[in-house]
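Asker: Here it is, the structure in full.
Computed from the coordinates by the stated procedures, all read-outs in this text should not be read as laboratory data. All values derive from a computational prediction rather than experimental measurement. Cβ: placed from backbone, ideal geometry, glycine included. Neighbour counts: every protein chain shown.
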Amino acid sequence: MKTLALVPVFNEAPNILYVLADLERFVDEILIVNDGSWDESEDRVLEWMGQGEHNVELITLKRNLGMSGAMLTGFALLQKRIAEKTLMEDDIIIKIDADRQLKPSDIPSLKKVLIQENLALVRARRKFSKYPKYKLLGNKLMSAVVSLLAGQRFWDVESGFVVMRASTLRPLLQYSTGYRYSLADELSVILPRLGYSISDEPLVDVPYFRSNTHVRDVFVNIVLGFVSLVRVSLKIKSKPNRRLEIGKRLKQTKRKSA
């Protein structure tokens, strides 16, 4: 069983190398989607890839697609690998951000929950001790609404730390819209409604608070969560490979295998 990390990156030059150096200790391979960064993120990754042996692939998008767009680009590329039999549906994918808010050292415990409880997806539930009250309120609101849409109780639907089986890629590509930060909420609706078992019970520490979301994202995510429910209920699917059209925007692919 292979473990692969998907890391969306947007202007994370100060943090990205710390994340990668720590992350590769816990995974077999890393796929980085550079979401149109205009800082030195790409240069630093390329320099790191040229030093030593790293099983890493870097995809750079010509323009910023947002967190969800970057993730779905990565999902589409990984789904293509499933079709090519270089990735199996039971392999494990780790989605983690590049901002050092989340710790790769939590990956083994999250994987253990996924495997022992035979789940399709585990999302880390963040400890909010360093979060301001307005963010806690917004997260509670989103989690409550998404729980109603999903028919399952969730505690932290906006967490960016996810451990999932590769078999979940296809339904997420078929039913998600993926605008700005909506995918975190959409997957919480899509997968349970399709019968997949998911959980956000495991708690993880967050060293510091950082957020790029705005008030409008709360409303957008609620609307797209409802859209996901409608699409799943009515079986309104997109072709799983439609996201590969984003590949036309790919600036370059760099790969170095260990």
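Asker: With a ≥ b ≥ c taken as the square roots of the eigenvalues of the C-alpha gyration tensor of the range 38-95, please select rounded if a/c is under 1.5 and otherwise prolate if a/b is larger than b/c or oblate if it is not? Kindly include the intermediate steps, with their values, before the conclusion.
Answerer: Details: a/c = 2.56, a/b = 1.31, b/c = 1.95.
The shape class here is oblate.
Asker: Apply 1/(1 + (r/R0)^6) to the Cβ-Cβ distance of PHE128 and GLU84, taking R0 = 41 Å, and write down the FRET efficiency to the nearest 0.05. If you can, show how the numbers build up before the last one.
Answerer: Values: r = 41 Å, r/R0 = 1.00.
It comes to 0.50.
Asker: Apply the membrane-span-like helix rule to the chain: whole DSSP H runs, Cα extent along the own long axis of at least 24 Å, mean Kyte-Doolittle hydropathy at least -0.5. List the helices found.
Answerer: The answer, listed by residue number, is 66-83, 133-150, 215-234.
Asker: Count the DSSP beta bridges whose two residues both fall in the chain, then state the antiparallel fraction as a percent rounded to the nearest 5. Each step should come with its number before you reach the end.
Answerer: On the way: 13 of 32 bridges.
Here the share of antiparallel DSSP bridges comes out near 40 percent.
Asker: Still on this structure, please answer the following. Summing +1 for each Lys or Arg and -1 for each Asp or Glu, what net charge is found among the other residues whose Cβ lies under 10 Å from the Cβ of VAL7? Present the calculation step by step, with values, prior to reporting the outcome.
Answerer: Working: positive: LYS95; negative: GLU12, ASP97.
Overall, the nearby charge balance is -1.
Asker: I've got another one for you. Give me, ordered by chain and number, the residues 5 or more places off ASN55 or on other chains with an amide H under 5 Å from its own placed amide H.
Answerer: Correct list: ALA258.
Asker: Oh, and also: Can you sort MET88, MET49 by how many other beta carbons sit within 10 Å, fewest first?
Answerer: Details: MET88 14, MET49 19.
Result, fewest neighbours first: MET88, MET49.
Asker: Relative to the Cα centre, what is the charge dipole magnitude of the chain, using +1 at the beta carbon of each Lys and Arg, -1 at the beta carbon of each Asp and Glu, and rounding to the nearest 20 debye? Working shown, then result.
Answerer: Values: 40 positive and 30 negative charges, 177 e Å.
Roughly 840 debye for the chain.
Asker: Also: Can you give me the Cα centroid spacing of the range 14-43 and the range 72-94 in angstrom?
Answerer: 19 Å
Asker: Note down the net charge around TYR179, summing +1 for each Lys or Arg and -1 for each Asp or Glu among other residues with Cβ under 10 Å from its Cβ. Please report the intermediate quantities before stating the final value.
Answerer: Numbers: positive: ARG180; negative: GLU186, ASP217.
So the environment of TYR179 carries a net charge of -1.
Asker: Follow-up. Counting other beta carbons within 10 Å of each residue's own, what order do VAL223, VAL45 fall into, fewest first? Could you put the intermediate results ahead of the total?
Answerer: Details: VAL223 14, VAL45 27.
Going from least to most buried by this count: VAL223, VAL45.
Asker: Determine the alpha carbon to alpha carbon distance for each of LYS2/LYS85; LYS62/LYS95; LYS95/LYS130; LYS103/LYS135; LYS2/LYS135; LYS85/LYS239 and list only those over 24 Å. Mind dumping the intermediate values first?
Answerer: Values: LYS2/LYS85 13 Å; LYS62/LYS95 21 Å; LYS95/LYS130 22 Å; LYS103/LYS135 21 Å; LYS2/LYS135 35 Å; LYS85/LYS239 19 Å.
In this structure, LYS2/LYS135 exceed 24 Å between Cα atoms.
Asker: List THR168, THR86, THR73 from most exposed to least, where exposure is judged by having the fewest other Cβ atoms within 10 Å.
Answerer: Result, fewest neighbours first: THR86, THR168, THR73.
Asker: If contacts are Cα pairs under 8 angstrom and at least 6 residues apart, what is the relative contact order of the range 3-256 in percent?
Answerer: Working: 485 pairs, mean separation 64.3, N = 254.
Answer for the range 3-256 is 25 percent.
Asker: Further question on the same structure: Tally Lys and Arg at +1 and Asp and Glu at -1 over the other residues with C-beta under 14 Å from the C-beta of GLU89: what net charge comes out?
Answerer: Values: positive: LYS2, LYS80, ARG81, LYS85, ARG165, ARG170; negative: GLU84, ASP90, ASP91.
Once all neighbours under 14 Å are counted, the net charge is +3.
Asker: Also, I was wondering about something else. Would you calculate a helix-derived [θ] at 222 nm for the chain, using -39,500 (n - 2.57) for each DSSP H run of n ≥ 4 and dividing by the full residue count, to the nearest 500? Working shown, then result.
Answerer: Values: 8 runs with 101 residues, N = 258.
Taking each H run of at least 4 residues, the total per residue is -12500 deg cm²/dmol.
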